[in-house]
Amino acid sequence: MDTLAIEGGKLLQGTVRVHGAKNAALPIMAATLLADGECILEDVPDLKDIDVMMEILSSLGAVTTRSDAIVTVDATTIHQHLVQDEMMRKMRSSIFLMGPLLSKFGQVRISKPGGCTIGTRPIDFHLKGMKALGAEIIEANGYVECRAKRLQGNHIYLDYPSVGATENLMMAAALAEGTTIIGNAAREPEIVDLANFLRSMGASISGAGEDTIVIEGVDTLQPVNYRIIPDRIVAGTLVLAVAATGGDVELQNVRPQHLGVVLTKLREAGVEIRTYMDRILIRRRRPLTAIDRIQTAPYPGFPTDLQAPFMAVLTLAKGTSVISETVFEERFKHVSELQRMGANIKVDLRTAFVQGVSKLTGASVAATDLRAGAALVIAGLAAEGTTIVEQVHHIDRGYQQIEQVLQSLGASIQRTYRKW
């Protein structure tokens, strides 16, 4: 079992490049099934979730390879529409295969997907959308099967701007007959990246990044070469690490506009930030001050994926900060672990009140999910003494060699393997 040992109190200094976005790469990898031939994807992060998606695609008959940050997928030999249960359980994002397989082969059979335990994430929006496109939905024995000779375009309104449902419906509608309109669509940058990938393949999509997306179905899509956008959550995590520890860091291969509200809140807390086209400069020279209110919301609101890392920073800010989590009801599991390190946090339902303390103290803590793990790493970097972060496999799902990235900036952090 891997652990991270962190000696806190080191200023972060230097330059680091942010890798491609996991949350953009996964649906794009699924979308490669819509074309016959070899798609080449560049700047794909080396993460466990990516490995799982490659494993699933291979089990369906695709030929997948990786060379450094380049992943190739050739879906010409796909022969299977059933995604095995054990693979679905490994990763929530396996649900993205529903749309492409149904659209391409007229049927798909999957089980309910797994992933981090951060709250209820039903697939109802996905199924309602597929049904609106003409699919027959059969649920039995823990499996969901969808069938349709060819999907038919329709007007679909999402009750909630679900990122996964928006992406799944975009992929399904790309080869459907007629026009599909998705109302109350998610607006995240990863939605735009998927739309750009589909358009490069020959799809007709407009409105991505806005609340209404229009897809004109086409008969075929072609394989392409495509570069994944930078990971805004990784970039945000690194910005927050500098905010917590102090120092002076330049992030490269970033899109600052994707972090608008996060950077605004950090400036309120006293962090110096300069943004350029593809760079962010972060410096923190004075004590942090509390933030009156942070409330997570769908993009362009404050991202739920950075709520826990930002809370770690605010444990050291003078005054009381208020953080409300509106997206996932179980996303405060990191609070008890931060309290073990000396944080003063009180939770009332889905709102946390963070009273800043003068210091955090190293302790043995456990990552309960991906972003909670990132929060504990940030806290450990800022704490006095040694922090041991366990359950590192959660962190590895979204951060490529996080210890090496932080070591390059001067952090004292080591990965160890402990036998039980």
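The values are calculated or read from the model by the stated rules, or taken from the named source; none is laboratory data. These numbers come from a predicted model, not from an experiment. Here the Cβ is made from the backbone with ideal geometry for all residues, glycine too, and neighbour counts use every protein chain on show.
Values computed for the structure shown
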item: Hits in segment 328-353 (condition: closer than 11 Å to Gln307 by Cβ and touching a residue at least 40 places away in the same chain (Cβ under 8 Å)); result: Phe328, Arg331, His334, Ala352
item: Residue selected from segment 305-336 under the condition within 22 Å of Glu190 (Cβ to Cβ) and among the acidic types (Asp, Glu), by the criterion surrounded by the most Cβ atoms within 10 Å (Cβ to Cβ); result: Glu325
item: Condition met for Asp46 (in contact (Cβ under 8 Å) with a residue 40 or more places away in the chain, over 27 Å from Arg331 (Cα atoms) and surrounded by fewer than 23 Cβ atoms within 10 Å (Cβ to Cβ)); result: no
item: Output for segment 326-358, where each listed residue is at pLDDT below 95 and part of a loop (DSSP other than H, G, I, E, B); result: Thr326, Val327, Phe328, Glu329, Glu330, Arg331, Phe332, Lys333, Leu349, Arg350
item: Tally of residues being more than 20 Å from the chain's Cα centre (by Cα) and among the aromatic types (Phe, Trp, Tyr) across segment 390-420; result: 2
